[in-house]
Amino acid sequence: MVKRQKIVITGRVQGVGFRPTVYRIAQALSLSGFVYNDTKGVTIELQGQEEKIAQFLVRLQCDDKPPLAEIKSCNAVDIPVIRDADRFIIETSDAEGSALSQVTADITTCRDCLAEMADKDDFRYGYPFINCTNCGPRYSIVKTIPYDRPNTTMSVFKMCGKCATQYTDVTDRRFHAQPVACGACGPKIWLTDNKGKTIRTGTDNTITETAKLLGEGKTVAIKGIGGFHLAVDALNDQAVQRLRQRKRHDHKPFAMMTDLIEKIKEHAEVSVLAEKLLKSPQSPIVLLPKRENSSIAPSVASGVNTFGFMLCYAPLHYLLFEQGIDILVMTSGNISDEPLICKNEKALQRLGQVADAFLMHDREIYRQVDDSVVHFIDEQPVPLRRARGYVPTPIFMEQTCREDIFAAGADMKNTFCFAKQNQLICSEHIGDLEDAEVYHHYIDSIKHLAKLFEVQPKIVVCDLHPGYLSTRYAQSLSGVKVVQVQHHWAHIASVLVEHGLDGPVIGIAYDGTGYGTEGAIWGCECMIASLEKFERFGHLAYYPLAGADKASKEAIRPTLALLKKTYGDDFKLSEFTWLLERIEPDTSKQQVILEQIEKGVNTVETSSLGRVFDAVAAILGLGSYNHFDAQLPMALEAIAISNIEEYYDFELIRTDNKPLQLDLGKMIRQLIADIKKGQAAEVISAKFHNTIAIALPAMAKQARESTNLDTVALSGGVFCNRYLTNCLIKLLRKNGFRVLFNREIPANDGGISVGQAAIAAYIVSRET
Ligand SMILES: [Zn+2]
Ligand SMILES: [Zn+2]
């Protein structure tokens, strides 16, 4: 029987080769009708034999589904049959013009392309830029919309006849794949020395020489998809140490790349989920527990208990590893905290002192995009840095806003975010705005993405912190309404919007520092929060932190603050010499800081939990300085033993109508006593983590009693700590709470912009 059906499909179905697939299946099954994109997804009308339509639906959703598509819903309804329907067409529509439906993330080389690259008879055999509709660069090469070849950095390469035939054939895997190219017509690679002098040309020569240099322990800057990497043999400790020194004593753990999952398994524990993530089209860096006896150079990732591994994600990477390379450090091509470098000339200029050679190519990278970093919380993948492979995939909101919104984000680990209609478009990781180059990159990126996504914000959201560069930037914009949102509220809102909720919930935001509503620096907050408003329910009892910005780097500052807070007038430096000398040997400096605290000079009241982690790590002798964000807390987490159930005492104090206060004085006393007794640091660290994990449900239970809410939303940088967060989630569930945490965006300040945008979108959607 002949039928006609209207089929509406939602999910990630645009910009992933969905309509050509629909066309191909419809042709194969002799069905007539049409397909088009709209704001919700893809709409299809199909006419033909009933069983053929049924087959179509099965093939589209299972067997023939484009690899990058994710179908959220598929609704089919019968509609009247049309006479003389004899062909199937792809219709263009208004949604065609929307950049969001066209510009997708950069995707790892697919299996079909890898097979062709290895096939001696294929005309793209060994070609380092092979790609198709299902893989290759997108976001990093697009300059403007519509997403057509002339608007990408591929515009300078004229397609050869063979490539053009595939590009224009709707039945071909490369139909409208904008970066399509081959050895005859596309980009090329070459190798230069660190002055820019070409030393090898031709794919084979270049690859062989690069592999040889890496084998000799040399550092090679390799241009990839989103920017340059600095590559060095990960098993050669001397080579890795040399790279660290040349990168101006970069202390951060280095990420590594290899071609086979089996190689990763020799050095790290790879769960089934982790393997799936490593092999996913996004191909992020995945943090994996280190295995004992791993032969990875110790200086790759000291002071942490994980290795960051990724698999090859560009054809060029595969060609390199075919030369017998085992594992490479592949760290961002930049100096300290500057933006990732993506241009050839700039790479030579900035990295000439760091790299011995440069593997260049002439496909221009228009937008630099860092590698994404993902770890596991509650056995679910959660990003720590959201960039390549994930950006610009939007987050869908329940609300639709009538006005476009720009959210400026936070100053550390910055991302910014646009809200347009029912979508949140969060930028890739931008970095710490205090670096002048990063700040300029931030401004340029805002302008570029606003143009690309055709956003004209009338409402601008920023943090409450008057000193944030992002706040000042937002306030400098003219003709817009500026809304300021408290930092920790934004953290909680980011969880709400991801889960499609408005709240209220019990929001728990634990992080380094954020500006509070009364001028204090907050950082361990329990709030009753919705997208509409929040009320502070409880927090860590304030302690006096001296030295502004230095306080987040030098652990002596929170250490003295907490000791002073705990022991009050009884606190004497001389009685703690044994403890303090390993944190700050200069006793006069100790004295100065203590006086600052006592007199309240250059001192702020804070409830920062991050700084408590710094202090405890320093007290346990794990270091005294954060060379990078959360270095000390990560070292503290790394040593905690997992089978300890003990914890320290703490108090929840309520006075008058003030918020509940979490007082850790007893914990500090007991912890110091443990050290004096000679208790192992590994045990003390576990007891400390347990204390924080137990204090939180205690606070949440009081919040439940007074509000009847039983959903807890967790966010903030401290929840990047796996030991604490996993422990906490279990405890909260045991106490009958429903627990929500960030899944799509980072729990650290990289998620702030999404929370800000969600709050503004909610407010705007309710205004008439
Ligand atoms: Zn492909
Ligand atoms: Zn070609």
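Less than 5 angstrom separates the built amide H of Val483 from those of Val460, Val461, Cys462, all sequence-distant by 5 or more or on a different chain. Taking Cβ atoms as reference points and 10 Å as the exclusive limit, the residues near Pro746 contribute a net charge of +1, counting Lys and Arg as +1 and Asp and Glu as -1. Arranged from fewest to most other beta-carbon atoms within 10 Å of their beta carbon, Leu671, Leu560, Leu278 become Leu278, Leu671, Leu560.
Take each peptide in 437-445, 548-556, count the other Cβ atoms within 10 Å of every residue, and average; sorted highest first, the result is 548-556, 437-445. For region 578-682, the list of trypsin sites (Lys or Arg not before Pro) that fall in a loop by DSSP and count at most 12 other C-beta atoms within 10 angstrom reads Arg654. Computed from backbone phi with θ = phi - 60° and the Karplus coefficients 6.51, -1.76 and 1.60, the 3J(HN,Hα) list for region 597-606 is 5, 5, 8, x, 8, 6, 10, 10, 7, 9 Hz; x is used for glycine and proline. What net charge do the residues around Gly41 carry, taking every other residue with its C-beta under 12 Å from that of Gly41, with Lys and Arg at +1 and Asp and Glu at -1? Residues near Gly41 contribute +2 overall.
Each 10 Å bin, from zero up to the one with the longest distance, holds this percent of the alpha carbon pairs of region 30-69: 25, 54, 21.
A Cβ-based charge dipole, computed about the Cα centre of region 683-768 with Lys and Arg at +1 and Asp and Glu at -1, lands at about 440 debye. Looking at Thr415, Ile644, Thr201, which one has the Cα that reaches farthest to the positive end of the dipole of the chain (charges on Cβ: Lys, Arg +1; Asp, Glu -1)? Toward the positive end, the furthest listed residue is Thr201. Residue pairs exceeding 21 angstrom between C-alpha atoms, taken from Lys120/Lys162; Lys143/Lys276; Lys158/Lys188: Lys143/Lys276. For a straight C-alpha distance cut-off of 15 angstrom, the aspartates and glutamates reachable from Lys572 (same-chain residues fewer than eight places away being disregarded) are Glu581, Glu595, Glu598. Partners of Lys3 within straight-line reach, counting lysines whose Cα lies under 17 Å from its Cα and excluding those fewer than 8 residues away in the same chain: Lys52. Of the GluC sites (Glu not before Pro) in region 1-100, the ones in a loop by DSSP (not H, G, I, E or B) with at most 16 other beta carbons within 10 Å are Glu91. Seen from every direction in turn and averaged, the convex hull around the alpha carbons of region 611-768 projects onto 11.7 nm². The 3J(HN,Hα) values that the Karplus relation (6.51, -1.76, 1.60; θ = phi - 60°) gives for region 468-484 are, in residue order, 5, 5, 5, 5, 5, 4, 4, 6, 7, 6, 9, x, 10, 9, 9, 10, 9 Hz. Gly and Pro appear as x. Cut-off under 16 Å on the C-alpha distance; same-chain residues fewer than 8 positions from Lys734 excluded. Which lysines are left, in chain and number order? Those lysines meeting the cut-off are Lys701.
Is region 619-711 rounded, prolate or oblate when judged by the Cα gyration tensor, a ≥ b ≥ c being the square roots of its eigenvalues, rounded requiring a/c under 1.5 and prolate requiring a/b larger than b/c? Verdict is prolate for region 619-711. Annotation note: GluC sites (Glu not before Pro) in region 202-274 located in DSSP loop regions with a Cβ neighbour count of at most 15 within 10 Å are Glu216, Glu269.
Quick note: the coordinates plus some simple rules give every number you see, no bench work behind them. This is a predicted model, so every value here is computed, not measured. Neighbour counts run over all protein chains shown; Cβ positions are idealised from the backbone, glycine included.
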